[in-house]
Amino acid sequence: MLRMYGRQPLYAARVDVHGSGPGTANENLLIAAREALGLTQAQLATRLSQLAGSGQPISQGYVSRAEKGALTVSGERLTLFAEALMCTPELLASDAKLWSLGDGCLYHRNRVSTRASTLRQLHAQVNLVRLYLHRLTVAAGRPLPDFTWAPVVTGGIDSAVDAARAVRERCGIGDGPIRSVAEVAEQMCALVVALPLGGREVDATSLHPPGEPPLFIINSDVSADRQRFTLGHELGHVACEAGFGSDPEKTAQEFSGELLAPARQLYADLKAAEITPARLLQLKRKWLISAAAVLYRAHDLAVIREAQYRRISAQISALGWRTSEPDPLPAEHPAVVQELVQEAVNVTGSIEAAAAAAGTTITVIRALAGQAEAESGQGKASDD
């Protein structure tokens, strides 16, 4: 059920991070790069020792001291860390800005049971992707989109429904379904990336630092059915500002529902025939939202009562639709980030040069371009 998912504003207060000198590792980036791979300090130490091949193992304690800034990582050791962490020495030694616990600009749409280690990995991944994109804009000689939307404050005169209607109007969306949610998000000047996030614990993660366009990373491991509503949900968190007494998670949920299937249009369809699993599929095909989302909207709009909602939910669960619904929806195809990557490749002369400029690997660059899944640097790393 969609209600199984909660939004956790875990990371947000900006951390200005600096290496201790030119060509010296930035300890906070060492941590982020390791956590993005899903590695423990002990696993990273093993990987470093294997790459060094000197007969002098690198200990977990050494990694710990490096990440605390208690020792300097530069020269050959910096190159070794970069190879182990699948990034460039220049990235690890850069002055960069990471975002961490406190301010509410970073969110995860995840299951209640999601592990803390998974959330730390997502936090690191979205921070690194943001850095890659900033560096690619420099290489390509073009700025990031200018996000100027003033969020609608909900809980008073205005609501999430009003915000969704305003977004549809701004993007020139008439009656009927939205063909591409990614296109709408990009029209709003958000950055959308589809990457594997290591299973189905998390649907998406997003980061919206002040003064920058929001970055939405959608889990390509989940179905397009879920991706569409999730992307609408992410957009809801930047299109709306939950006022005093309003629940930000509920606000984003209401926004996404109204954006994808406006109540005044959907209501007539919901009332036209009895709500059954077969009817849900009919409306799924029309409105391009999952059957589960149609059912949720029917309950939310008071077309069906709680008992009927629970009964039909049990039916679609028994049919296996929680894992895979019939009539899958078309996949989303973000374009803006892919165009940025292509432009960086054109300007730098090769994908290798673009990857070096971004500070990452060729495989990650291909993933950002929508050409292939990212390696373990954007998913989960294999155990050493």
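The numbers here are math on the coordinates, done by the rules we state, and not lab data. Worth saying up front: this structure is predicted, and the values here are computed from it rather than measured. Every residue, glycine among them, receives a Cβ derived from its backbone with ideal geometry; neighbour counts consider all protein chains shown.
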Could you list which residues have their amide H under 5 Å from that of residue 96, counting only those 5 or more apart in sequence or on another chain, with H placed in the peptide plane?
17
In the set (i) 142; (ii) 167; (iii) 241, which value of volume of the Cα convex hull per residue in Å³ was calculated from the structure you see?
(i)
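Ranking request for peptides 294-301, 251-258, 321-328: highest mean number of other beta-carbon atoms within 10 Å first, then the rest in descending order.
251-258, 294-301, 321-328
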HN-Hα J in Hz across the range 301-316 - Karplus 6.51, -1.76, 1.60, θ = phi - 60°, x for Gly and Pro
8, 6, 6, 10, 8, 4, 5, 5, 4, 5, 5, 6, 4, 5, 5, 6
Give a residue-ordered list of calculated ³J(HN,Hα) values for the range 261-268 (Karplus: 6.51 cos²θ - 1.76 cosθ + 1.60, θ = phi - 60°; whole Hz; x for Gly, Pro).
8, x, 4, 5, 8, 5, 4, 4
Mind checking the log10 I(q)/I(0) for the range 128-241 at q = 0.19 Å⁻¹? Debye, one equal scatterer per Cα, no solvent, two decimals.
-1.08
With axes computed from alpha carbons, what is the tilt in degrees of helix 248-260 against the longest principal axis of the chain, rounded to the nearest 10 within 0 to 90?
60 degrees
May I ask you to list the lysines whose Cα is less than 26 Å away from that of residue 97, ignoring any residue fewer than eight positions away on the same chain?
68, 380
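Give the relative contact order (percent, whole number) for the chain; include only Cα pairs under 8 Å separated by 6+ residues.
Values: 664 pairs, mean separation 80.6, N = 384.
Relative CO of the chain lands at 21 percent.
Below 8 Å, C-alpha to C-alpha, sequence gap of six or more: please give me the relative contact order for the range 119-221 in percent.
That works out to 29 percent.
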In the chain, with Lys and Arg counted as +1 and Asp and Glu as -1 at Cβ, which of these residues, 50, 161, 371, has the Cα nearest the positive end of the dipole, that is, farthest along it?
161
With θ set to phi - 60° and the Karplus curve 6.51 cos²θ - 1.76 cosθ + 1.60, what are the ³J(HN,Hα) couplings of the range 182-193 in order, to the nearest whole Hz, using x for Gly and Pro?
4, 5, 5, 4, 6, 4, 7, 6, 8, 9, 10, 10
What aspartates and glutamates sit close enough to residue 284 to cross-link, taking a C-alpha to C-alpha distance under 17 Å and skipping anything fewer than 8 places away on the same chain?
175, 225, 258, 269, 274, 300, 325, 327, 332
Roughly how tilted is helix 116-140, in degrees to the nearest 10 and between 0 and 90, from the longest Cα axis of the chain?
80 degrees
Out of residues 5 or more away from residue 194 or on other chains, whose amide H comes under 5 Å of its own, with H placed 1.01 Å from N in the peptide plane?
218
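Relative contact order, percent, of the range 19-94 when contacts are C-alpha pairs under 8 Å separated by at least 6 residues? Write down the numbers at each step before the final one.
Values: 89 pairs, mean separation 34.6, N = 76.
After rounding, I find 46 percent.
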